[in-house]
Amino acid sequence: MPDRTAPGRLALSPIVAGLWRLTEWNLDVPARVRWIEQALELGIRTFDHADIYGDYRAEALFGEALKAAPALRQHMQLVTKCGICLRSHDRPYRLNHYDTSASHVRAQVEQSLRKLHTERLDLVLIHRPDYLMDAGALAQTFAALSDEGKVAHWGVSNHSASQFALLHRQHPLLTQQLELSVLQMGALDDGTLDQAQQLGLRPMIWSPLGGGRLFRDDDAQAVRVRQAMQPIAARHGVSLATLAYAWILRHPSRPHPITGSGRREGLREAVAALDVRLDAEDWYAIWVASKGHGVP
Ligand code: NAP
């Protein structure tokens, strides 16, 4: 029997690579293999997918690279997500919705296995909270797919602390994947990061650079944050991107930021943040700029 009581045993790499934008990178198979090799060389061993990325095409693009270079699989951890039903050419749903039924989760897991050319997924997340989720039934689905050796660990994404607790009581979850950045700080206050710290379950962090808004947006918040960050980045001798990752890494829940960059330099800037430790004044200077007011 697989051990379902020890979800903490999977250690994700400190920085994770996200494949949401893979279809935009226009990489042929050798270039995709090279991109994966570069990530691994930088110490990025965990790769974050979802069934729906690239209109259901991104997993297969990555899988083609793994088929071309199968030795890479043993050096990496594959994470994917399911539970969102997105209308698309091959998916004529009447509307976008969520589905955490046994049949849907099983079908999506088996599809991810096929597309990624792998026999086992290291971690599968329920992508968004399904208001119709039956936690007991979903836990049985998790257990069945783990017993079959198809999924090693389970987690969720974008769930409230109580939604996480509801499922975690039925089946041990490894992590919660949340949005957090210098432009989006909701997770600091909504209880999800407190819960991660309390349970000792390190969160994964999506859009750590605000999806690139940090560099391109001209709204008042983005301008304030860049202005506050520039002198701090200069003092630490790092780029704005590296400082943005360091701001996330400073949180005591010990988060794993997920870089969304398709460039080697973008991956390197994420990894460089592991060598930067901000003091509380630098961290709060960025918080103040993001909020537009001082601490109460
Ligand atoms: P991100 O790192 O915040 O944003 C990536 C974007 O920023 C890319 O377009 C990247 O372009 C750009 N960028 C990076 N460095 C830059 C620089 N110095 N100057 C200008 N642009 C720069 O992350 P994300 O892609 O939004 O999200 C990361 C991952 O999180 C996704 O791949 C996915 O795995 C996961 N995710 C999960 C959820 C969820 O609901 N669970 C939601 C969204 C995302 P380059 O390629 O040119 O570097």
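The set of residues from region 206-240 being in contact with a Ser or Thr (Cβ under 8 Å, 6 or more places away or on another chain), aliphatic (A, V, I, L, M) and buried (at least 21 other Cβ atoms within 10 Å of the Cβ) comprises 209, 214, 225. In summary, residue 138 fulfils each of the numbered conditions (1) crowded, with 20+ Cβ neighbours inside 10 Å; (2) over 26 Å from residue 250 (Cβ atoms); (3) within 15 Å of the ligand (Cβ to nearest atom); (4) free of Cβ contacts under 8 Å to residues at least 40 places away in the same chain with the single exception of condition (3).
May I ask you to list the residues in region 118-132 that are within 16 Å of the ligand (Cβ to nearest atom) and farther than 16 Å from residue 96 by Cβ? Residues satisfying the conditions are 121, 122, 123, 124, 125.
The set of residues in region 267-284 that are surrounded by fewer than 16 Cβ atoms within 10 Å (Cβ to Cβ) and either touching a residue at least 40 places away in the same chain (Cβ under 8 Å) or within 15 Å of the ligand (Cβ to nearest atom) (or both) contains only 274. Please verify whether region 211-222 includes one or more residues that are touching a strand residue (DSSP E or B) at 6+ places or on another chain (Cβ under 8 Å) and not aliphatic (A, V, I, L, M). No - not one qualifying residue is present in region 211-222.
All conditions but one from (1) farther than 29 Å from residue 75 by Cβ; (2) in contact with a helix residue (DSSP H, G or I) (Cβ under 8 Å, 6 or more places away or on another chain); (3) polar (S, T, N, Q) apply to residue 118; the one that does not is (1).
Does region 250-262 contain at least one residue that is assigned to a helix (DSSP H, G or I) and either touching a Ser or Thr at 6+ places or on another chain (Cβ under 7 Å) or more than 12 Å from the ligand (Cβ to nearest atom) (or both)? Checked against the condition, which is being assigned to a helix (DSSP H, G or I) and either touching a Ser or Thr at 6+ places or on another chain (Cβ under 7 Å) or more than 12 Å from the ligand (Cβ to nearest atom) (or both), region 250-262 yields no hits at all.
Yes/no per residue for (1) out of contact with any Asp or Glu (no Cβ under 8 Å at 6 or more places or on another chain); (2) modelled with pLDDT of 95 or more; (3) closer than 24 Å to residue 20 by Cβ:
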site	(1), (2), (3)
106	yes, yes, yes
111	no, yes, yes
129	yes, yes, yes
135	yes, yes, no
141	yes, yes, no
170	yes, yes, no
179	yes, yes, yes
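Can you tell me which of 28, 48 is free of Cβ contacts under 8 Å to residues at least 12 places away in the same chain and either within 20 Å of residue 263 (Cβ to Cβ) or out of contact with any strand residue (DSSP E or B) (no Cβ under 7 Å at 6 or more places or on another chain) (or both)? That would be 28, the only listed residue that is free of Cβ contacts under 8 Å to residues at least 12 places away in the same chain and either within 20 Å of residue 263 (Cβ to Cβ) or out of contact with any strand residue (DSSP E or B) (no Cβ under 7 Å at 6 or more places or on another chain) (or both).
The values are calculated or read from the model by the stated rules, or taken from the named source; none is laboratory data. Given the structure is predicted, the values throughout are model-derived calculations rather than measurements. Neighbour counts run over all protein chains shown; Cβ positions are idealised from the backbone, glycine included.
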